[in-house]
């Protein structure tokens with residue numbers, strides 16, 4: 001895929017992040033929205049010449065003019081929001097810092113869980129090489145969360161997310 005072919009086939013609206021077809025295709029008309037939501041991943045995928053592409057990577061190519069060599073992070077964590085202002089290059093580590101709390105989280109705070117053994121709230125954060133850094137045990141989930149926020153800010157900088 002290259003920028004010229006992409007511009008020939010699609011119109012990209014940088015304010016909405018939506019691609020539309022510029023050419024009539026079998027079952028598709030000029031102006032039709034391109035791609036569909038992958039329910040498993042949450043990303044928009046677009047089929048071009050029998051190959052699937054992630055729309056956020058195509059948006060980067062369309063606007064910046066080069067295929068992203070690293071990952072593309074969605075700043076607001078909404079994987080289907082492909083506005084160019086919501087996208088940024090990221091390493092795997094940076095991208096992992098901008099993740100929402102796990103769906104099975106019971107504390108209500110990212111990086112915080114209850115320790116049955118210590119009968120306190122435990123704060124921990126993912127660190128490089130997929131290692132978990134223990135941040136301590138705390139009397140309340142709010143105090144544990146404060147420790148997580150401080151560590152996330154230090155480790156992940158602009159990519160830190162604690163919601």
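The values are calculated or read from the model by the stated rules, or taken from the named source; none is laboratory data. Here the structure is a predicted model, which is why all the values come from computation and not from measurement. Heads up, the Cβs are rebuilt from the backbone with ideal geometry, glycines too, and the neighbour counts pull from every protein chain shown.
For segment 61-73: of the residues being part of a loop (DSSP other than H, G, I, E, B) and out of contact with any helix residue (DSSP H, G or I) (no Cβ under 7 Å at 6 or more places or on another chain), which is farthest from residue 161 (Cα to Cα)?
66
Looking at the structure I just gave you, is residue 76 assigned by TED's automatic domain parsing to the domain that holds residue 26, assigned to a loop (DSSP other than H, G, I, E, B), under 30 Å from residue 23 (Cβ atoms) and in contact with a helix residue (DSSP H, G or I) (Cβ under 7 Å, 6 or more places away or on another chain)?
In short, no.
Out of all the residues in segment 121-140, which are in contact with a strand residue (DSSP E or B) (Cβ under 9 Å, 6 or more places away or on another chain), assigned to a strand (DSSP E or B) and surrounded by fewer than 17 Cβ atoms within 10 Å (Cβ to Cβ)?
127, 132, 133, 134, 136, 137
Filter segment 1-21 down to the residues that are exposed (fewer than 15 other Cβ atoms within 10 Å of the Cβ) and more than 25 Å from the chain's Cα centre (by Cα) and list them by number.
If the condition is that a residue be exposed (fewer than 15 other Cβ atoms within 10 Å of the Cβ) and more than 25 Å from the chain's Cα centre (by Cα), then 4, 5, 8 are the ones that fit.
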